[in-house]
1. Rank-order 321-329, 111-119 by packing density, defined as the average count of other C-beta atoms within 10 Å over each peptide's residues, highest first.
2. Which value at 222 nm does the chain reach when only helices count, each DSSP H run of 4 or more adding -39,500 (n - 2.57), with the total divided by all residues and rounded to the nearest 500 deg cm²/dmol?
3. Roughly speaking, what % of Cα-Cα pairs in the chain are separated by over 32 Å, rounded to a whole number?
4. Mean Kyte-Doolittle of at least -0.5 plus a Cα span of 24 Å or more along the axis: flag which DSSP H helices in the chain meet both, please.
5. Just to confirm the filter: which GluC sites (Glu not before Pro) across the range 222-330 are DSSP coil and have at most 15 other Cβ within 10 angstrom of their Cβ?
6. How high is the relative contact order of the range 32-123, given as a whole-number percent (alpha carbon pairs under 8 Å, six or more residues apart)?
7. Only bridges with both residues in the chain count here: give the DSSP antiparallel percent, nearest 5.
8. Starting from the Cα-Cα distance between LYS158 and THR132, subtract it from 0.36 nm times their residue separation and give me the gain in nm to one decimal.
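Each reported figure results from applying straightforward, stated rules to the coordinates on display, with no laboratory input. Keep in mind that this is a model prediction, so the values were computed, not measured. Every residue, glycine among them, receives a Cβ derived from its backbone with ideal geometry; neighbour counts consider all protein chains shown.
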Amino acid sequence: MKKKFNMSGIIILILSIILLYSCKKNKPTPPILTTVAISSITQTTATSGGNITSDGGDSVTVRGVCWNTSPAPIFNDNRTTDGSSIGSFVSNITGLTATTTYYVRAYATNSAGTSYGNELTFTTSATPLSITDIDLNLYNTVTIGTQIWLAENLRTTKYNDNTPIPLVTDISTWAALTTPGYCWYHNDESSYKVDYGALYNWYTIDSQSNGGKNVCPTGWHLPTDAEWTVLITFLGGENVAGGKLKEAGTTHWGTPNAGANNETGFTALPGGSRDLAGTFVGLNSYGIWWSATQEDSTFAWRYYLDASVSNAERGDGYKKGGFSIRCLQD
């Protein structure tokens, strides 16, 4: 006797196969991504990121970079958290140790798991050099891109050939000055020297006004406008550079100290200025730094950082004004 053909069983089997295939086809897989090249390497910080080209069929819930001193870093190692979407992202790596090699991978997580980009390595810069000026003031330094800067405002009272710079405290004398001069904020050296440095008029740094002398330590110089531009450009332009240069928090800067993360280690502080009338203004609100480049007989180029914005503003400053100085290695 022939067996009766069971059509319903075959139909159920076919439907089961289709359902199983459909489930397998639609099941998410981990994201696909690459790691962005390492940049802005200092003694304690670096910048990387990633580019997620596929979410694997499900939403990315977290992304960033992870790093360690041994190969193949994973999510449970040191990591950043930088959003939850596909595409490119930037990660600021902090808390590093000088002269140390690190391994970095971008990561991204969805419901299927965590995947990693290609592994990259970098070595942090050496511990900063300590530099002294002619007065034996000690300064930390910081490497940013191809440049090495003082990480503190200048506070010397002499040129590096030991010639004194005139200290000018009187308001009317300062206002009339067209020769070199310096002062301390509010004429109070003990309160403001260590943190904020001195304020200098532009004639102090102008070779024609000072007889060709150098206010910076030997082997260092006042940066030109072009050299300031190299720094600002390396940091991503004027709109964001200020935050990367300013000391973070509100210990010295006023609220809100917008965008400040000091990822460069430059540690810019708001030393204020002395205006044309000889009045002291702006402490804790802004800092202004001279360049060595004049605009005309009245103005020279300067760079301005403010507590309320993340910008680094290039502008012209009256040569009679008293601003801060940062020196650049030759």
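1. Values: 321-329: 23.6, 111-119: 16.1.
So the peptides 321-329, 111-119, ranked by packing, come out 321-329, 111-119.
2. Values: 6 runs with 56 residues, N = 330.
That calculation yields -5000 deg cm²/dmol at 222 nm.
3. Details: 23517 of 54285 pairs.
Everything past 32 Å amounts to 43 percent.
4. On the way: long enough: 7-26 (29 Å, 1.56).
Span-like helices here: 7-26.
5. On the way: sites: GLU227, GLU238, GLU247, GLU263, GLU295, GLU313; in loops: GLU247, GLU263, GLU295.
Those that pass, being in a loop and sparsely packed, are GLU295.
6. Numbers: 250 pairs, mean separation 33.2, N = 92.
Over the range 32-123, the number comes to 36 percent.
7. Details: 59 of 63 bridges.
Of those bridges, close to 95 percent are antiparallel.
8. Numbers: separation 26, 0.36 × 26 = 9.36 nm, distance 1.24 nm.
So the extension gain works out to 8.1 nm.
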